[in-house]
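Engineer: Attaching a single structure in structure tokens format; questions to follow.
The values are calculated or read from the model by the stated rules, or taken from the named source; none is laboratory data. Bear in mind the structure is a predicted one, so any value in this text is a computation, not a measurement. No Cβ is skipped: glycine too gets one built from the backbone with ideal geometry, and neighbour counts run over all protein chains shown. Heavy atoms of the whole protein, side chains included, go into the accessibility calculation; ligands, DNA and RNA do not. Shrake-Rupley method; radii C 1.70, N 1.55, O 1.52, S 1.80 Å.
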Amino acid sequence: MDDAMLRNVQLIQLEIAKEVKRICEQNNISYFMDGGTLLGAARHKGFIPWDDDLDFGFTRDNYEKFVATAKKNLSSEFFLQTWDSDREYGYAFAKIRKKGTIYQERIAQDSNANCGIFIDLFPYDNLPNDKNKRRKLITKLTFLKMLLKTKVNYKPWMENETINWKRWMIYLPVRFVSQFVSKDKIQKHYMKIVKVANTENSELIYPQVAEKLGVWAMKKKYFSKYISLKFEDTFFSAPVGYKEFLTDGYGDYMTPPPIENRKNIHGIIKIDLGNK
């Protein structure tokens, strides 16, 4: 994707982000810029120039409130994609997509899921303080996430135009097991595990991102309240402890990576901006 096309995609993502902000502010729902979006706000006051997506985070209660509210109040220009609203969707978090557009990821090229230009909405859940409980939780959820993607014909081993054979072998037993369990059962079991963890008194929370063998764990105190940070032409919500958040996640976050690492990461193979 060339720079001009990337910028057009970013502007559509910004349009979607403003819709999320509208719904949250009108319905008293707390949200925050997450990951590279928060980093972009802090370092660039907008998109990281080479970034090809936009992320928001929510604590679990606010996430569920947002999903319920968006079902009724989301503008008709957009589609709220969850594993319930799109049976071919294979992630444990929501996306909002712009209708009439295409933003096809390589790993999902054989899926029938909606593939419009999107932003990610990550629910954050408790991470047990006990290291053994933490390891068991992440291991179970990671396996279930792999099962979900396999059920809807995602191919995470297609990171580039060629097969990542190591990842293909990792998914081989997952593909076998997936033949004997329904998507509904996987989802139900997934949420049962998440809800049990959320009953614990924890110092840490983490997002339900796609497939993450490591843990993006953040201290709850970073989210004790929210402030506004400029992102492009709009102010969006950010955790009050965003500097600590970014330091934990990226280290020296104000220093850009080497030029060779400045690239988009979603493996987009087809783009259609619609009528913008």
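Engineer: Multiply the residue gap between Q109 and K185 by 0.36 nm, knock off their C-alpha separation, and tell me the result in nm, one decimal place.
Structural biologist: Between Q109 and K185, full extension yields an extra 24.9 nm.
Engineer: Which of rounded, prolate or oblate describes the stretch 33-181 when judged by the alpha-carbon gyration tensor and an a/c cut-off of 1.5?
Structural biologist: rounded
Engineer: Please report, largest first and rounded to whole Å, the three semi-axes of the ellipsoid equivalent to the stretch 194-276, where each semi-axis is the square root of five times an eigenvalue of the C-alpha gyration tensor.
Structural biologist: Equivalent ellipsoid of the stretch 194-276: 27, 19, 17 Å, largest first.
Engineer: Ignoring solvent entirely, what values of log10 I(q)/I(0) come out of the Debye formula for the stretch 127-255 at 0.12, 0.17 Å⁻¹ when each Cα is a single scatterer?
Structural biologist: Each listed q maps to, in turn, -0.65, -1.04.
Engineer: What are the DSSP H helices in the chain that stretch 20 Å or more along their long axis, judged by alpha-carbon atoms, and whose average Kyte-Doolittle hydropathy comes to at least -1.0?
Structural biologist: Correct list, ordered by number: 3-26, 131-151, 183-198.
Engineer: Carbon and sulfur atoms: what percent of the 1.4 Å accessible area of the chain do they account for?
Structural biologist: The nonpolar share, carbon plus sulfur, comes to 51 percent.
Engineer: With the Cα gyration tensor of the chain in hand, convert its eigenvalues to equivalent ellipsoid semi-axes via √(5λ) and list them largest first in whole Å.
Structural biologist: Calculated on Cα positions only, the semi-axes equal 26, 24, 20 Å.
Engineer: Take the residue pairs K18/K72; K95/K270; K71/K98; K183/K220; K95/K183; K65/K95 and return only those whose Cα atoms are more than 23 Å apart.
Structural biologist: Over 23 Å apart, Cα to Cα: K183/K220.
Engineer: Picking from K136, K166, K219, which is most flexible by a Gaussian network model of the chain using Cα springs under 10 Å?
Structural biologist: The residue with the greatest mean-square fluctuation here is K166.
Engineer: Here's a follow-up. Among W165, W216, W50, which one moves the most in a GNM of the chain with springs linking Cα atoms closer than 10 Å?
Structural biologist: Highest fluctuation among the options: W165.
Engineer: Calculate the FRET efficiency for E64 and W168 from the Cβ-Cβ distance with a Förster distance of 25 Å, rounded to the nearest 0.05.
Structural biologist: For E64 and W168, the calculated efficiency is 0.10.
Engineer: Given Cα positions, please report Rg to Rh for the stretch 85-154, the hydrodynamic radius being the Kirkwood one.
Structural biologist: For the stretch 85-154, the value is 1.06.
Engineer: Further question on the same structure: Need the full-extension length gain, V196 to R43, defined as separation in residues times 0.36 nm minus the C-alpha distance. One decimal, nm.
Structural biologist: Here the answer is 51.4 nm.
Engineer: Give the residue from Y250, G267, S237 lying farthest towards the positive end of the charge dipole for the stretch 231-274; charges sit on Cβ (+1 for Lys and Arg, -1 for Asp and Glu) and the dipole is referred to the Cα centre.
Structural biologist: Farthest along the dipole direction, towards plus: G267.
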